[in-house]
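Before any comments, here is the structure.
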Amino acid sequence: MIAPARVAIALIAIAATGSMAAADDAETAADRAFRAAETAVTNGSAAAALDQFEAIGAARPITRWTDDAWLEAARLAERGRDYDRARRDLEAVIAVTTDDQLARRAKNALVRIAAAAGAEGQWSAVAAEHDRLATAILSPSGDPKPAIVELERLVRDHPDYPRAGNARLVIARGWERDGDADDAIATLRAAASAGEAIDRRRAGLELVRVLVRHGELDEATTALARVDHVDPHDRAEVADQLETARHREWWRRALWLGLAVLGAAAAIRLRRATGSWRATGRALLRPPIELAFFVPIAVVIVIVAATGNPMVARAVRTIAIAGAVVAWISGVALEARRQRGSLSRIGAAGHAACAALAVAAAVWLAIDRDHMLDLVEMTWRDGPAMR
Amino acid sequence: MRARLLSLLIVAGCVKGDPIDLGTFVNNGGSLAIDGCGYTLTTYPGAEAPTVALPAFGADPTPKNIHLGLMGDPKTSVVAQWRTNDDTTRASSVRFGVGANLSADQLTTTVQGIEFGYQGTGGNIYRVHQGHLCGLSAGTTYSYQVGGEDLSGTSHYSPIFTFHTAPDVSANPDTAVVLGFVGDSRGGYDVWQQLITELQSRTPDLILFSGDAVTFGITQDEWEDFFSLAQPLFATVPMIAADGNHEANAVNFYSQVAMPGDQQDYGVDYGFAHITVGNDSPDDPSAITGAARDAIAADFAASQSAQWKIFMHHQPIWSASTRHGSSTTLQMAWQPVIDHYHIDLVLNGHDHDYEVTKPLVGMTPQPSAANATVYIVAGGAGAELYPNGSNFWTQYSESTYSAATINVRQGQLDFEAFRQDGSAIPTGFTKTKP
């Protein structure tokens with residue numbers, strides 16, 4: 001007869017083996033389930049993956065995947081803007097994990113979600129809607145206006161929403177993107193005097209930038225003076241943009257005026273050479289020989305530029321057109337003058353100088369658009385490496 | 001030992017809270033083998049040779065700009081770096097202990113630091129301190145503080161920070177790591193601070209900075225802002241960087257950011273990821289098709305067994321922004337190498353917008369990311385934004401400030417990007433591998 005002790009030991013060993021086998025089964029199952037959930041994420045089935053990760057987390061016994069699964073679920077929930085669900089999943093991580101880095105990650109995520117959605121989740125729905133609308137407004141495609149209007153209403157309806165300052169900046173960007181600078185400026189003016197100090201400061205700086213971009217330089221100067229407690233480099237950057245804008249505005253006006261003066265002078269000289277305005281008009285209708293040389297070269301350059309940077313291509317096109325206009329007027333004027341007798345050297349030099357000035361003005365005005373002048377100035381000052 | 005102590009006493013005896021004058025500043029660079037770490041610290045021309053610290057303080061030895069870097073294996077080592085309010089303190093040491101949130105008396109291990117000066121614009125000499133902590137345990141949390149002591153026993157130390165070494169994935173294959181990715185902060189430090197806060201909330205293990213931290217690399221004042229605002233994150237998470245065209249290979253950059261190898265073209269294993277970093281703005285431009293490409297290819301070849309391969313450099317190979325756009329030079333010089341070694345992810349900056357490409361092999365978009373490379377441009381850490389664009393390779397683009405996290409575990413890489421206010425930018429993506 002077998003001793004009872006031996007039987008007991010055998011039974012315990014059988015039970016232990018069974019437990020271990022069961023545990024191994026649980027680990028294997030969890031491993032498979034985790035991989036399947038990862039694949040679901042890759043395949044774009046985030047909602048299904050979220051459910052799968054939560055199921056792994058909730059399954060018992062606890063496996064080596066339990067805490068990771070809750071953390072992955074929390075990430076997907078947050079990504080899907082379900083902050084309450086993300087919060088619950090993160091709390092589950094903290095409850096089960098023995099990995100201090102994972103615990104730290106979960107705690108930091110809870111703090112982030114609390115900042116967005118409130119410590120008790122009281123702003124969860126508002127935050128989710130804010131993020132959805134911000135994505136719609138800032139996305140490069142589609143009409144942002146409906147989302148802008150909705151976000152404005154959201155902020156108006158929830159004046160205590162802690163991220164209202166961020167939302168106002170998004171609204172302003174949306175209006176500017178939509179081509180409505182006035183509404184962008186109005187939004188930023190309101191934001192610069194509402195909410196937390198840090199939000200007011202950011203809105204104030206952004207207001208200055210927008211005013212500079214849209215040529216409201218006096219207002220930009222006033223707005224910059226009102227922004228306080230700003231990082232000195234941020235202030236210097238914006239102040240530099242403002243000064244540069246003033247400088248360029250002066251040059252822009254001077255060059256347009258110069259082009260107008262040169263054009264008027266050319267018209268008057270042509271009138272003198274041809275004898276009447278009608279004759280001047282007829283002369284201008286005939287393209288001069290210079291264009292036969294200029295246009296083919298210009299077309300080739302424009303085509304080559306079109307294969308590169310779009311901003312550069314547009315500037316090259318504008319310069320080519322301006323060059324053709326100058327060459328046309330210059331050629332007609334020279335021909336008319338030649339028909340009245342030879343041109344003196346001084347006259348020729350003066351004519352060439354005026355044509356060169358006209359081209360230089362046109363080039364400057366062309367690259368002034370789209371902030372290409374910044375690129376040229378930086379390259380001139382610091383070399384091509386500093387672009 | 002006595003002779004060494006005596007020489008230290010003689011030198012330090014000249015100091016009574018005043019700067020040490022050790023003669024003319026010699027800025028030809030130099031090397032110092034770091035005991036117990038298995039690597040050598042080499043400083044660049046423009047900096048002094050690194051030396052073991054002396055126990056003497058300057059006028060204000062308060063540590064500042066504390067940040068972590070890597071020169072060795074991140075599982076077992078980290079480099080603590082800092083400057084002091086004066087630039088004349090020579091005392092330099094790091095106290096640390098195992099565990100999070102320890103008190104000062106629990107930091108029972110002390111490592112003597114290294115220090116050296118470097119010369120920026122205006123002839124000013126700046127001083128950086130480094131503590132090389134080696135022989136650490138993988139996947140372990142440590143607490144540390146930086147500072148120093150003089151011979152009288154007076155000490156000045158920083159607050160206590162915590163860091164976590166890289167996991168040993170051969171022992172713990174289920175571990176995930178989080179890499180933070182950000183770049184182009186120059187001139188925009190309010191946004192930089194916001195992104196630091198957002199990154200910190202995502203608890204990264206390693207920061208990948210793609211260059212252009214400052215407007216002019218040789219000018220120190222922006223570096224002060226860059227590091228001081230990032231300290232809450234960088235003092236707890238190591239950062240490695242690529243040289244940007246605005247760093248311009250300045251001595252300030254190489255002196256303040258500890259990185260492996262020659263600090264220009266190098267590789268690091270972190271978890272299941274291998275990160276290769278390349279310098280696409282070398283002093284000698286011919287290196288792009290020469291030495292730099294060779295070094296990058298060699299690193300790719302040596303890391304073929306890594307499950308996830310990430311390559312970071314500054315100028316984008318594929319970018320639809322209307323400001324800089326794609327670098328055709330790098331497309332011709334580096335993309336063939338990227339394709340040959342099936343790099344999973346290429347991280348770039350330079351264009352101050354956000355763009356994700358479709359998976360690419362050569363110039364051809366692929367139906368899936370398997371065996372193809374996704375190129376990311378996220379140069380929006382504060383520098384003035386550029387217009388975004390779209391082209392045949394573009395999956396998504398937006399003119400926005402941004403940073404990103406890359407969650408890497410065995411079999412899965414998950415990329416998420418976010419704006420400076422924390423809102424998610426669409427078109428993150430996930431790759432899985434068997």
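The numbers here are math on the coordinates, done by the rules we state, and not lab data. Remember, predicted model here, so these are calculated numbers, not experimental data. Cβ atoms come from the backbone with ideal geometry, glycine included; neighbour counts cover every protein chain shown.
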**OP:** Find the relative contact order for chain B and round it to a whole percent, using C-alpha pairs within less than 8 Å whose residues are 6+ positions apart.
**Re:** 13
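Can you give me the relative contact order of the stretch B:177-432 as a percent, contacts being Cα pairs under 8 Å and 6 or more apart?
In percent, rounded to a whole number, it is 21.
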Original post:
Taking θ as phi - 60°, what are the ³J(HN,Hα) couplings along the stretch A:284-297 by the Karplus curve (6.51, -1.76, 1.60), each to the nearest whole Hz, with x for Gly and Pro?
Top reply: 5, 6, 8, x, x, 5, 4, 5, 4, 8, 6, 4, x, 5
Original post:
What order do you get for A:Asp68, B:Asp168, A:Asp160 when you list them from fewest to most C-beta neighbours inside 10 Å?
Top reply: A:Asp160, B:Asp168, A:Asp68
**OP:** Express in nm, to one decimal, how much length is gained between A:Ala260 and A:Ser141 on full extension, taking 0.36 nm for each residue of separation and deducting their alpha carbon distance.
**Re:** 38.9 nm
Subject >> Nearby lysines by direct alpha-carbon distance to B:Lys431 (threshold 24 angstrom, same-chain neighbours under 8 apart not counted) >> reply: B:Lys309, B:Lys358
Original post:
Taking neighbour counts of Cβ atoms within 10 Å as a proxy for exposure, in what order, fewest first, do B:Trp393, A:Trp250, B:Trp318 appear?
Top reply: A:Trp250, B:Trp393, B:Trp318
**OP:** Mind sorting A:Ser45, B:Ser321 by how few other Cβ atoms lie within 10 Å of their own Cβ, fewest first?
**Re:** A:Ser45, B:Ser321
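To the nearest 20 debye, what is the magnitude of the charge dipole of the stretch B:98-221 about its Cα centre, counting +1 on the Cβ of each Lys and Arg and -1 on the Cβ of each Asp and Glu?
80
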Original post:
Just B:Gln264, B:Gln420, B:Gln366 to compare: in a GNM of chain B, with alpha carbon springs under 10 Å, which one fluctuates most?
Top reply: B:Gln366
Original post:
How high is the relative contact order of chain A, given as a whole-number percent (alpha carbon pairs under 8 Å, six or more residues apart)?
Top reply: 7
Subject >> Estimated 222 nm signal from helices in chain B, with DSSP H stretches of n ≥ 4 weighted -39500 (n - 2.57), rounded to 500 >> reply: -4500 deg cm²/dmol
Original post:
What's the average, rounded to a whole number, of partner chain beta-carbon atoms within 10 Å of each residue's beta-carbon in B:319-325?
Top reply: 4
**OP:** For n ≥ 4 DSSP H runs only, could you compute -39500 (n - 2.57) per run for chain A, divide by its residues and tell me the 222 nm figure to the nearest 500?
**Re:** -27500 deg cm²/dmol
Original post:
Roughly what % antiparallel, to the nearest 5, for the DSSP beta bridges in the stretch B:177-432?
Top reply: 65
Subject >> Cα-Cα P(r), the protein assembly as shown, percent of pairs per 10 Å interval >> reply: 2, 11, 19, 21, 19, 12, 7, 4, 2, 1, 0, 0, 0, 0, 0
**OP:** Return one number: the angle in degrees, 0 to 90 and rounded to the nearest 10, between the long axis of the Cα atoms of helix A:4-42 and the longest principal axis of the Cα atoms of chain A.
**Re:** 20
Original post:
Using the alpha-carbon centroid of each, what span in Å lies between the stretch B:364-386 and the stretch A:295-366?
Top reply: 41
